[in-house]
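Everything below concerns the one structure shown next.
The values are calculated or read from the model by the stated rules, or taken from the named source; none is laboratory data. Predicted, not measured: the structure shown is a model, and the values here were computed from it. Cβ sites come from the backbone with ideal geometry, for glycine too, and all protein chains shown count toward neighbours.
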Amino acid sequence: MESEHLYMGFSIPLLTTGRRKASSHNEENIATSVFLGACQSLVPLRRRNSHALMKTLDSADATQAAHGGRLHAAAREFALPLEQLIDFSANLNVVAPTVSEERWANWRKTISRYPEADSESVRYRLSQVYGSPTAQILPTAGAIEGLYLAARLFTSLRVGIIEPAFSDYFRAFEAAGNSPECIVLAPTEWGLGPSVFAKRLDSYDVVVFGNPNNPTGTFYSRRALLDLFGQCPEKTWIVDEAFIEFAEGGQKESLLRDIPQLPNVLVLRSLTKSWNIPGLRLGFIATSNRKWLSALGKMQPPWSIGTVTEAWVNELLTSEDYERVIESTIELKASKAAFHRSLCADFPELLVHPSSANFFLIELCLPGLNAARLYAKLGEQGILIRVCDSFYGMPQGRFIRVAVRTMAENQRFLEALRIVLEQIREEAA
């Protein structure tokens, strides 16, 4: 399959082309795209063809939303062994504390027995580490299970999703029989507070957004969100905090401590990113709404958390180990800062959008350069990036998302990018 076909979403027509106000030296002469009128005016749009957003590397997965981290498919596409690929398409804490092979070997022995049907020990550990009462937590197989369960609570209500956003927000509600709508923010509004969309929510009973947002990296402060909830007390809010540990002061900015006073708020949390355990599938839902939590528990199948994950939790999910994880995110932030400086200083044809998460959303501003082409050329060198065509509200071919990894890996990315962009300039000459 050609790389141009890997991320084919539906086309979003551009209304005009304008100049973004410069915020750094390399933006002065960059003409940036302005979204179609609905995007500019924040008029909510029903997604016309959600299936067009679900193209993936494998045709067998065409019903799934597009995601990063597809290493096996990329290895096939670029005819490279897995160990030669560096995955900048998945946003993980690659400097998280590691676990010895001996401990993994012990945990693997648990696969010959059933896990707890109700994950009670996991619930207790999550409560101890994250500070939420056990009566307000439901352990889930990653935040993704929490999202799909939560969507089933609100099938008859009007749902609005702040976009661009994680594609599974829409897919989860659609799968539950809902007809969600998209409230699209223009690039100039990504860095603004939630007041930018607060006045556009009258039509909705349920509002869904990520904090920080994926893919933009936008982050809303706890105070701004509490003010928003106070302005709209009749609404239900689903807030995805999957990347919050990577934001500045993320632990203090989390809504978890406010949950007891917010019965209309449901928070999704993931351990995947911060602990770097995507294969274990662990997250949780937090809410003080007893009716919701009871319904969620009844909908969730038994044994949702497997025995290896359960063993990992009971031995490693402690306050002390969580502090080590948080310390590792500080190390990653240092890597992020250096990465950002190099991207901005050395590549004037790229516009690096501000991000509070462990990734950057990058706008491609070099004539003749599009995201699929860059994906293909970097992939040939073993560098995987996330093409953002599948995110609703993104012009086709213009944006990529790049994870922050170790200093050495980031340097490898910069070197590969420099070679690729030079090739493209020569071809265009």
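Test of understanding: among E120, E174, E163, E102, which residue is buried (at least 20 other Cβ atoms within 10 Å of the Cβ) and among the acidic types (D, E)?
One residue alone meets the criteria, E163.
Residue by residue, here is whether (1) basic (K, R); (2) assigned by TED's automatic domain parsing to the domain that holds N264; (3) over 15 Å from L282 (Cβ atoms) holds:
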position	(1), (2), (3)
S119	no, yes, no
R123	yes, yes, no
V129	no, yes, no
Q136	no, yes, yes
G142	no, yes, no
L153	no, yes, yes
L157	no, yes, yes
Within segment 368-396, the count of residues that are more than 19 Å from the chain's Cα centre (by Cα) and of a type in the set (G, A, S) comes to 5
Would you check if there is a residue in segment 284-305 being assigned by TED's automatic domain parsing to the domain that holds P180 and more than 21 Å from A150 (Cβ to Cβ)?
no
Being modelled with pLDDT of 95 or more, within 23 Å of L256 (Cα to Cα) and assigned by TED's automatic domain parsing to the domain that holds T287, is that true of even one residue in segment 181-194?
yes
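Of all the helices (runs of 4 or more DSSP H) wholly in segment 136-232, which have at least 3 residues that are of a type in the set (D, E, K, R)? Break it down into steps so the answer makes sense when it comes.
On the way: elements: 142-151, 167-175, 195-198, 222-231.
Counting at least 3 such residues, we get 167-175, 222-231.
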Any residue at all in segment 291-300 that is of a type in the set (S, T, N, Q), modelled with pLDDT of 95 or more and closer than 20 Å to G68 by Cα?
no
Might you check whether a residue that is in contact with a helix residue (DSSP H, G or I) (Cβ under 7 Å, 6 or more places away or on another chain), free of Cβ contacts under 8 Å to residues at least 40 places away in the same chain, closer than 27 Å to Q261 by Cα and surrounded by fewer than 23 Cβ atoms within 10 Å (Cβ to Cβ) occurs anywhere in segment 125-143?
yes
Those residues of segment 270-292 that are buried (at least 19 other Cβ atoms within 10 Å of the Cβ) and under 20 Å from L255 (Cα atoms) come to a total of 14
Report every pair of residues separated by at least 6 positions or lying on different chains whose Cβ atoms are under 7 Å apart, first residue within segment 76-90 and at pLDDT 95 or above, second of a type in the set (V, I, T) and in a loop (DSSP other than H, G, I, E, B).
F88/I385; S89/I385
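Looking only at segment 116-124, decide whether some residue is farther than 30 Å from N410 by Cβ and of a type in the set (V, I, T).
yes
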Give me the residue from segment 379-409 that is closer than 18 Å to N276 by Cβ, touching a helix residue (DSSP H, G or I) at 6+ places or on another chain (Cβ under 9 Å) and hydrophobic (A, V, I, L, M, F, W, C) and, out of that set, surrounded by the most Cβ atoms within 10 Å (Cβ to Cβ).
V404
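Here is a list: S342, S328, S355. Which entry is surrounded by 21 or more Cβ atoms within 10 Å (Cβ to Cβ), in the same structural domain as F88 (by TED's automatic domain parsing) and hydroxyl-bearing (S, T, Y)? Spell out the reasoning first.
Details: S342 fails: surrounded by 21 or more Cβ atoms within 10 Å (Cβ to Cβ); S328 fails: surrounded by 21 or more Cβ atoms within 10 Å (Cβ to Cβ).
Every option except S355 fails the conditions.
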Taking N276 as meeting all but one of (1) in contact with a strand residue (DSSP E or B) (Cβ under 9 Å, 6 or more places away or on another chain); (2) polar (S, T, N, Q); (3) within 30 Å of D87 (Cβ to Cβ), write down the number of the exception.
(1)
So, in segment 251-267, of the ones that are at pLDDT 95 or above and over 17 Å from P133 (Cβ atoms), which residue ends up surrounded by the most Cβ atoms within 10 Å (Cβ to Cβ)?
E253
Which numbered condition in (1) under 21 Å from V129 (Cα atoms); (2) crowded, with 16+ Cβ neighbours inside 10 Å is the only one that E248 fails?
(2)
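Identify all residues within segment 107-117 that are touching a helix residue (DSSP H, G or I) at 6+ places or on another chain (Cβ under 9 Å) and either of a type in the set (G, A, S) or outside the structural domain of Q300 (by TED's automatic domain parsing) (or both); write none if there are none. Even if it seems obvious, please write down each step before you answer.
Residues of segment 107-117 touching a helix residue (DSSP H, G or I) at 6+ places or on another chain (Cβ under 9 Å): 107-116.
Within segment 107-117, S112 is the sole residue that qualifies.
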Answer yes if at least one residue in segment 333-356 is touching a residue at least 12 places away in the same chain (Cβ under 8 Å), hydrophobic (A, V, I, L, M, F, W, C) and within 26 Å of I183 (Cα to Cα), and no otherwise.
yes
